[in-house]
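The values are calculated or read from the model by the stated rules, or taken from the named source; none is laboratory data. Worth saying up front: this structure is predicted, and the values here are computed from it rather than measured. Every residue, glycine among them, receives a Cβ derived from its backbone with ideal geometry; neighbour counts consider all protein chains shown. Only protein heavy atoms, including side chains, enter the accessible area calculation; ligands, DNA and RNA are left aside. Shrake-Rupley method; radii C 1.70, N 1.55, O 1.52, S 1.80 Å.
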Amino acid sequence: MAYEIRTYGDPVLKAQASAVTEINGKVARLVDDMFDTLYDSDSGIALAAPQIGVQKQIVVWDIDDEAKTIINPQIVESDGEWVYSEGCLSIPELYVDIIRPNHVLVRGLDLDGNEIEIEASELMGRMFQHEIDHLNGVLMFDRMTPEQRKLAMAEYRTLQETPAAPARRRRLRLT
Ligand code: ZN
């Protein structure tokens, strides 16, 4: 079942998600619902549970037709620097060039409860950083310079006030 995606201003997006202590049927159903919501979205590639209002540390993604899940993910190492025009399903239509580390090492659990480690760079690396931020109540705005934030907030407000144009910008979007 697809959920409505929570958008900027919803307090759930500012909250710290709690660790999953038991991977049970409820978690499996939640993951299914997260994928339904992701596939229902316009060009999203990943989703964190708080974006559907659930304060649990779960991230799903689908890059290159591989649907994957990680539970209680943490970035244990990061290095390099990469600029990417980031977007967020919870901040619709806004894209901002954000600098973050390029490479990350992520540790967490798969749906069977096995510990997994994933090395990721560029788009995949960015996706993990963006989604794990969601689990910590951190949004794209918090990763911008003060000057970028001011401009982005103003642009976002304008976008929200403008009725949807028939040809909305369709671009790859993190969520
Ligand atoms: Zn997002």
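Listing for the model above:
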read-out	value
V27 accessible area, 1.4 Å probe, all protein chains in place, Å² to nearest 10	10 Å²
Lys pairs, the chain - Cα-Cα below 19 angstrom, 8 or more residues apart or on other chains	5
Cα Rg, Dmax, the stretch 1-57, angstrom units	11.3, 32
Highest-MSF residue in the chain out of L111, L151, L89 [GNM, Cα springs under 10 Å]	L151
Stretch gain in nm, segment E115-R29, where the contour uses 0.36 nm per residue and the Cα spacing is subtracted	28.9 nm
Fluctuation leader among R157, R126, R149 - the chain, Gaussian network, Cα springs under 10 angstrom	R157
Rg [Å, one decimal], Dmax [Å, integer] - the chain, C-alpha atoms	15.6, 46
M153 versus K68: modelled label distance in nm, points set 7 Å from Cα along the beta carbon direction	3.5 nm
GluC sites (Glu not before Pro) restricted to the stretch 58-154 and DSSP loop, no more than 10 other C-beta within 10 Å	E81
